[in-house]
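Worksheet: one structure, shown below.
The values are calculated or read from the model by the stated rules, or taken from the named source; none is laboratory data. Bear in mind the structure is a predicted one, so any value in this text is a computation, not a measurement. Please note: Cβ atoms are built from the backbone with ideal geometry, for glycine as well, and neighbour counts cover all protein chains shown. In case anyone asks, the SASA skips ligands and DNA or RNA and just uses the protein heavy atoms, side chains included. Shrake-Rupley method; radii C 1.70, N 1.55, O 1.52, S 1.80 Å.
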Amino acid sequence: MTTTTASIIEATRPHELHDHNLVPEQIVPGIIVEKKPARTPDGKIAEGLYNYWITFDNQKQFNSYTTEMVKGAILAFRAASVARDVVAVVFTGAGDKAFCSGGNTKEYAEYYAGNPQEYRQYVRLFNDMVSAILGCDKPVICRVNGMRIGGGQEIGMAADFSVTQDLARFGQAGPKHGSAPIGGATDFLPVLIGCEQAMISGSLCEPWSAHKAYRLGMLTDIVPALKVDGKFVANPLVITDRYLDEYGKIIHGEPKTGDELAAGKALMAKGTIDLSLLDAKVEELCSKILLTFPECFLKTIEELRKPKLNAWNANKENSRDWLALNMMTEARLGFQAFNEGTKDDREADFVGLRQALAKGTPWSPELGQSLMPAARRGQ
């Protein structure tokens, strides 16, 4: 800033500014909010300007969001929107295991399951969180520090940019655990990657590697995170050294198998996770945003958000109603199975459920218990 600019600011700025926040900023458990100095591309601090970091901090449950965390995120995005000194929002998770694994399944199973009127109110909050991201008056960068699954994938796709470390995985979980990915995935996926790949990701719940998600156009950028003997290496569990197989099918980013997978696991065991390249890439993107006209940049991203925003606004209320009613049937069973099952056995008996429904069997607590993981274990 030149001396002339500084003197003009001092002479013409209002001496008292209105506060456009709805409520005073507050500390919410599970949400970390921090202003970090904005920097120019050469690393110099832009005095008086900041990037606003919103971090989910629930690492024991893979940064899944509780009801209180959802409320905290809404307030944080609102605060970022009206902060005059904020250049960009960085939305991330604590640690290196997960950005966010979606809604808190323990809370779902123990409070919302079988309680549709309460879940309907919760989904109103969830919808407001997605809308707060899509309508933020600052560009939103999703810093993907680990898995982005289920509702975590949905809120991540609501962001304007996504920068990831390459060990992260991406995907939906709803049809495997009693829900449907209608908290944004069915709206955003076709826009981001096309209808056929959206169908695969949304319905089959098979997670994709970061390399595959990047290849398909879901991500802005990707960096390695595994360090072996002091050197960064690409994710050793997926194919990154070739693009096509012998038949011309794209295999870049697909999981390795056999001996290649065994070697990859051995390399993983030797390494450590280092997210310094991820932070550098996020900082690089923030610095590029800094060197633009702020209102022109905002108008541009507002226009580019419209395909996602229009689809979201067209469907979110119908989705809320369905999600609430589903808490009496498949969601109730699915979330309780996940919550009460073991690490390797958290799914309901899908075949048994389909067989029961094929016979016209009504939903009942007894039917649900017979389909739980514990029933398979004879408990």
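Tabulated results
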{"item": "Index of the failed condition, residue 202 passing every other in (1) open to solvent by 20 Å² or more (accessible area, probe 1.4 Å); (2) touching a Pro at 6+ places or on another chain (Cβ under 9 Å); (3) closer than 30 Å to residue 330 by Cα", "result": "(1)"}
{"item": "Residue among 300, 292 that is out of contact with any helix residue (DSSP H, G or I) (no Cβ under 8 Å at 6 or more places or on another chain), of a type in the set (S, T, N, Q), in the same structural domain as residue 155 (by the TED database) and not in a helix (DSSP H, G or I)", "result": "292"}
{"item": "Condition check for residue 281: basic (Lys, Arg) and out of contact with any strand residue (DSSP E or B) (no Cβ under 7 Å at 6 or more places or on another chain)", "result": "no"}
{"item": "Leading residue by the ranking (most open to solvent (accessible area, probe 1.4 Å)) among those in the range 225-278 that are in a strand (DSSP E or B), more than 22 Å from residue 207 (Cα to Cα) and of a type outside the set (Phe, Trp, Tyr)", "result": "231"}
{"item": "Candidates 201, 209, 162, 179, filtered to the one that is in contact (Cβ under 8 Å) with a residue 60 or more places away in the chain, in contact with a Gly (Cβ under 8 Å, 6 or more places away or on another chain) and in the same structural domain as residue 279 (by the TED database)", "result": "179"}
{"item": "Elements of type helices (runs of 4 or more DSSP H) contained in the range 140-220, each with 3 or more residues being more than 18 Å from residue 98 (Cα to Cα)", "result": "174-177, 185-193, 195-204"}
{"item": "Failed item in (1) within 30 Å of residue 50 (Cβ to Cβ); (2) open to solvent by less than 80 Å² (accessible area, probe 1.4 Å); (3) of a type in the set (Asp, Glu), with residue 295 passing the rest", "result": "(2)"}
{"item": "Close pairs (7 angstrom Cβ cut-off, 6 or more residues apart or separate chains): in contact (Cβ under 8 Å) with a residue 24 or more places away in the chain in the range 1-30, among the polar types (S, T, N, Q) anywhere", "result": "30/58; 30/66"}
{"item": "Complete set of residues in the range 1-56 that are of a type in the set (A, V, I, L, M), surrounded by 10 or more Cβ atoms within 10 Å (Cβ to Cβ) and either assigned by the TED database to the domain that holds residue 82 or in contact with a Cys (Cβ under 7 Å, 6 or more places away or on another chain) (or both)", "result": "22, 28, 31, 32, 33, 38, 45, 46, 49, 54"}
{"item": "Among residues of the range 82-118, those that are open to solvent by less than 20 Å² (accessible area, probe 1.4 Å), of a type outside the set (A, V, I, L, M, F, W, C) and part of a helix (DSSP H, G or I), counted", "result": "2"}
